[in-house]
Amino acid sequence: KKENSERKYESTSTFDATGKYIYPGFIDPHCHVLGYGLGLPNAWLAGAKDWEEVVNRLVENQKQYFTEWVKGRGWNQNEWVVKQFPTNDLLNNAFPDKPVYIVRIDGHAAIANQKALEIAGITNETTISGGEIIKINGKPTGVLVDNAMELVRRCIPESTKEEKTKALINAQKNCFAVGLTGVHDAGLDTDEVFLVDSLHKSGSLKMRINAWLNPTKSNYETFVNKGVYQTDWLTVRSIKIYADGALGSRGALLLKPYSDDPKNSGIQVETTEKLDSVCKIANDAGYQVCTHCIGDAAVRLMIDIYSKYLDENNDKRWRIEHSQIVNPQDMPRYGKHNIIPSIQTTHATSDMDWADERLGDRIKYAYAYQELLQQNGWLPNGSDFPIEHINPLYGFYSGVARQHFNGEPKDGFQMENALTREQALRAMTIWAAKSAFEENIKGSLEVGKFADFVVLDFDLMNDSIKDVPQIKVQQTFVNGEKVYEINQ
């Protein structure tokens with residue numbers, strides 16, 4: 001009651017939500033906020049009905065944003081009538097003299113035009129470990145999977161400090177509009193962490209960021225070897241590594257071959273020795289490890305490595321990001337070693353129309369979020385934006401309803417692994433905070449915690465679940481300061 005609160009507490013400022021619903025500030029525990037911001041001017045290619053539409057969007061985007069390299073993200077051959085990787089012929093016709101590099105929706109494949117391949121020095125003979133250059137009759141098609149992407153990506157001019165600053169500020173604006181007050185940015189370099197810290201200190205960046213480090217020599221020397229770095233706004237205590245690729249581009253590492261590609265079992269993108277060495281460095285420094293694992297073989301590989309460093313009942317909170325396909329024999333090992341499955345429920349609803357083609361009967365062991373949650377009694381749920389939409393309420397909806405926004409499939413997708421509403425809310429608030437050792441300072445509305453909160457005109461626990469995707473955040477507060485209000 002308002003009257004009781006006023007008798008019990010004193011405050012320099014008060015806020016009346018006028019009967020609306022107040023929730024803890026939403027936290028995305030796995031995303032790419034800098035990458036999202038940098039990509040905002042580029043062509044967005046998701047939802048295209050075919051390859052021709054993708055190329056047309058690039059042409060139109062270039063009329064608005066004329067750039068040295070043509071860049072875009074979001075194409076997904078699984079959305080097209082012909083569900084096959086394209087070739088770069090149309091790109092070569094549209095952009096004969098300008099390099100093109102466009103990334104698949106999952107971030108684990110890209111297609112480059114002939115000009116970009118030439119700049120990168122990719123020929124019929126080029127091969128690479130931990131990746132694949134897709135070829136037809138021995139000739140590159142332009143499609144690059146996992147580590148092969150780097151051959152072209154490293155040729156693209158690095159974004160300037162000014163561009164990265166603008167990207168972070170623009171991303172922050174969009175985050176606040178969907179109720180995000182904190183994010184975990186999954187993989188940053190040393191200069192980028194310093195930039196975030198400086199923008200926090202200047203007051204222009206007001207979103208709390210947990211910065212995961214790429215496993216580089218510079219990051220080890222600057223941060224890891226010196227221990228955890230933490231301010232009220234920035235936490236640096238985690239290293240991000242990759243074990244495999246993604247399911248949509250058939251780079252996820254599987255124990256048995258793909259059902260729709262019997263000669264292929266996916267890609268291990270780093271050697272076992274390299275993955276183990278990073279885990280040792282992190283363990284010695286008291287750092288958390290967060291490893292991308294989509295396929296069941298990748299999950300098993302990393303649990304095998306983790307178990308060398310994680311005694312039973314440890315509180316190191318090492319994470320397996322995505323935990324998308326988990327062999328039943330490996331499921332209890334999460335609980336045994338206190339390994340945190342870090343999930344993205346929107347991946348399930350994005351993939352459910354085609355994932356069974358890749359996995360066959362193994363689909364029943366995929367996107368098993370409720371079973372994963374039971375291993376430790378909690379888990380964090382994020383979006384992995386820009387792979388999925390930035391809105392955390394979409395993740396709430398996907399976790400509970402396990403349907404597309406149109407209500408399909410009617411009975412939901414493998415509903416035995418749906419989350420309850422309370423679990424889904426915890427996974428994007430207090431459990432997201434816990435996954436970064438921050439449950440005592442954020443993630444819930446309690447005395448002594450940061451005043452980060454969101455105002456909705458919707459009861460997430462009781463109002464109709466089908467209406468959740470249409471919810472608009474009314475107001476967002478960080479540290480008690482209003483940083484967003486609808487229609488302002």
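The values are calculated or read from the model by the stated rules, or taken from the named source; none is laboratory data. This is a predicted model, so every value here is computed, not measured. With ideal geometry, Cβ positions are generated from the backbone for all residues, glycine too; neighbour counts draw on all protein chains shown. Accessible surface is based on the protein model in full, side chains and every heavy atom, while ligands, DNA and RNA are left aside. Shrake-Rupley method; radii C 1.70, N 1.55, O 1.52, S 1.80 Å.
Figures for the structure shown
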{"read-out": "Scope the range 307-330; condition open to solvent by 10 Å² or more (accessible area, probe 1.4 Å) and either of a type in the set (Lys, Arg) or assigned to a helix (DSSP H, G or I) (or both); matching residues", "value": "Ser307, Lys308, Tyr309, Lys316, Arg317"}
{"read-out": "Test: residue in the range 259-282 that is touching a His at 6+ places or on another chain (Cβ under 7 Å), at pLDDT 95 or above, under 24 Å from Trp75 (Cα atoms) and open to solvent by less than 50 Å² (accessible area, probe 1.4 Å)", "value": "no"}
{"read-out": "Leading residue by the ranking (surrounded by the most Cβ atoms within 10 Å (Cβ to Cβ)) among those in the range 442-464 that are closer than 20 Å to His200 by Cβ and in contact (Cβ under 8 Å) with a residue 24 or more places away in the chain", "value": "Asp452"}
{"read-out": "Check on Asn225, open to solvent by 50 Å² or more (accessible area, probe 1.4 Å) and of a type in the set (S, T, N, Q)", "value": "yes"}
{"read-out": "Criterion: under 15 Å from Glu388 (Cα atoms), open to solvent by less than 50 Å² (accessible area, probe 1.4 Å) and at pLDDT 95 or above - qualifying residue of Tyr36, Tyr23", "value": "Tyr36"}
{"read-out": "Wholly within the range 137-253, helices (runs of 4 or more DSSP H) carrying at least 3 residues that are of a type in the set (Ser, Thr, Tyr) and more than 29 Å from Thr87 (Cβ to Cβ)", "value": "190-202, 217-222"}
{"read-out": "From the options Pro29, Pro86, Pro41, residue that is in contact with a strand residue (DSSP E or B) (Cβ under 7 Å, 6 or more places away or on another chain), under 28 Å from Lys206 (Cβ atoms) and either among the hydroxyl-bearing types (Ser, Thr, Tyr) or not in a helix (DSSP H, G or I) (or both)", "value": "Pro29"}
{"read-out": "Selection from the range 89-129 of residues that are closer than 15 Å to Leu144 by Cβ, open to solvent by 70 Å² or more (accessible area, probe 1.4 Å) and either assigned to a helix (DSSP H, G or I) or in contact with a strand residue (DSSP E or B) (Cβ under 9 Å, 6 or more places away or on another chain) (or both)", "value": "Lys115, Glu118, Ile119, Asn124, Thr127"}
{"read-out": "Filtered residues of the range 177-206 (kept if open to solvent by less than 10 Å² (accessible area, probe 1.4 Å) and hydrophobic (A, V, I, L, M, F, W, C))", "value": "Leu180, Val183, Ala186, Leu188, Val193, Val196, Leu205"}
{"read-out": "Cross-chain or 6+ apart pairs with Cβ under 9 Å, the range 127-145 first and under 16 Å from Tyr101 (Cβ atoms), then among the aromatic types (Phe, Trp, Tyr) and part of a strand (DSSP E or B)", "value": "Leu144/Tyr101"}
{"read-out": "Selection count where residues are more than 13 Å from Val236 (Cβ to Cβ) and either buried (at least 18 other Cβ atoms within 10 Å of the Cβ) or among the aromatic types (Phe, Trp, Tyr) (or both), scope the range 207-219", "value": "2"}
{"read-out": "Residue within the range 342-351 that is in contact with an Asp or Glu (Cβ under 6 Å, 6 or more places away or on another chain), among the polar types (S, T, N, Q), open to solvent by less than 10 Å² (accessible area, probe 1.4 Å) and in a loop (DSSP other than H, G, I, E, B) present", "value": "yes"}
{"read-out": "Single residue of the range 388-444 satisfying the filter (over 29 Å from Arg73 (Cβ atoms), acidic (Asp, Glu) and part of a loop (DSSP other than H, G, I, E, B)) that is farthest from the chain's Cα centre (by Cα)", "value": "Asp411"}
{"read-out": "Criterion: in a loop (DSSP other than H, G, I, E, B), on the phi > 0 side of the Ramachandran plot and more than 26 Å from the chain's Cα centre (by Cα) - qualifying residue of Thr18, Thr67", "value": "Thr18"}
{"read-out": "Some residue of the range 422-439 being hydrophobic (A, V, I, L, M, F, W, C) and open to solvent by 70 Å² or more (accessible area, probe 1.4 Å)", "value": "no"}
{"read-out": "Residues of the range 465-488 satisfying the condition of being open to solvent by 50 Å² or more (accessible area, probe 1.4 Å) and part of a loop (DSSP other than H, G, I, E, B)", "value": "Lys472, Asn479, Asn487, Gln488"}
{"read-out": "Qualifying residue in the range 284-306 (condition: surrounded by fewer than 18 Cβ atoms within 10 Å (Cβ to Cβ), basic (Lys, Arg) and either free of Cβ contacts under 8 Å to residues at least 24 places away in the same chain or assigned to a helix (DSSP H, G or I) (or both))", "value": "no"}
{"read-out": "Search result, residues across the range 228-244 that are out of contact with any Ser or Thr (no Cβ under 9 Å at 6 or more places or on another chain) and open to solvent by 20 Å² or more (accessible area, probe 1.4 Å)", "value": "Gln230, Thr231, Asp232, Trp233, Arg237"}
